[in-house]
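Where a number appears in this text, it was derived from the coordinates with a stated rule and is not lab data. Treat the numbers as computed from the prediction; the structure is a model and nothing was measured. Backbone-built Cβ (ideal geometry, glycine too); neighbour counts: all protein chains shown.
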Amino acid sequence: MTGFGKSAVDFCNKKINVEVKSLNSKTLDITTRIAPLYREKEMEIRQMVSESLFRGKIDFCIWIDKSEVASATPINADLVEYYYQQINEIAYHKDISLTLDWSTLLRMPEVLTRTEVEELSEEEWTVVRGAIKEALEHIVDYRQQEGAALEKKFREKIDNIAALQQELEQYEPLRVEKIRQRITEQLALIPDVEYDKNRLEQELIYYIEKLDISEEKQRLTQHLQYFRDTMKHNEPVGKKLGFIAQEMGREINTTGSKSNHAEMQNIVVKMKDELEQIKEQVLNAL
């Protein structure tokens, strides 16, 4: 979900800048900083952002850099002329000798005060919309590049978990035999005790069945394939991948609790490590 996009466009002696940043978030959270001239279009801007980015903590900013000509405070010529006429008229009637200079006139009230109200034209908004769209396209391209790298990482980790699962199979027959042998040896240590060997065999079968991990392996294999298939969808699947990763974790944890074998538990630890890396990175997935 991380990304960055920027664009700039010139319009009537000013430069309009658009910048969009994105960080990880469970939902779509948009923060805006909009130049006063474009605030009336905030809802439309938010709609454009939400349609392009879907999810993430979005920081949207649009500001204006004006040229020196556009930012200069204009002189109110009518007011200067009015002050000049009034001062000359008063000097004439009062018979006062008076010499006026520009510095005196420019210091008069409101002569250098900006009073015009700037309005957003349809032509300018069309230009601004284009700049916003360009910035959003840039951040989407950035996210797609990040997504391609994430997909490669996910496939690598999923393949590692599948390979580790295959390693478990070599220890399963040994584990069953070891359990059987240990129970038999413990019974032999008890003196003067007779037991029904058929009943012992039944109890052993029941006990070993409780430690069987065949269902866990089958479900984990299905989850691994479901994760791969989900990544192929051309739509936001980050939340779904997170849910699948949680289910994978349940099966791996159950396998570890049933293993009762040192080598198998070591393999389970490695599987958990691979899965933890998936869970960390899946937060970056849209």
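Distance between the 7 Å Cα→Cβ label points at residue 122 and residue 246: 5.0 nm. Potential lengthening of the chain between residue 201 and residue 185 amounts to 4.4 nm, from the contour at 0.36 nm per residue minus the alpha-carbon distance. Given R0 = 41 Å, the distance between the Cβ atoms of residue 137 and residue 108 translates into a calculated FRET efficiency of 0.20. For residue 27 and residue 91, the difference between the fully extended length at 0.36 nm per residue and the C-alpha to C-alpha distance is 15.8 nm. Note on residue 43 and residue 12: with the Förster distance fixed at 22 Å, the Cβ-Cβ geometry gives a FRET efficiency of about 0.35. If R0 is taken as 30 Å, the Cβ-Cβ distance between residue 262 and residue 162 corresponds to a FRET efficiency of 0.85. Net charge of the neighbourhood of residue 159, taken over other residues with C-beta under 10 Å away and scored Lys/Arg +1, Asp/Glu -1, is +1. Taking region 264-286 and a reference point 7 angstrom along Cα→Cβ of residue 233, the backbone N atoms nearer than 18 Å belong to 279, 282-286.
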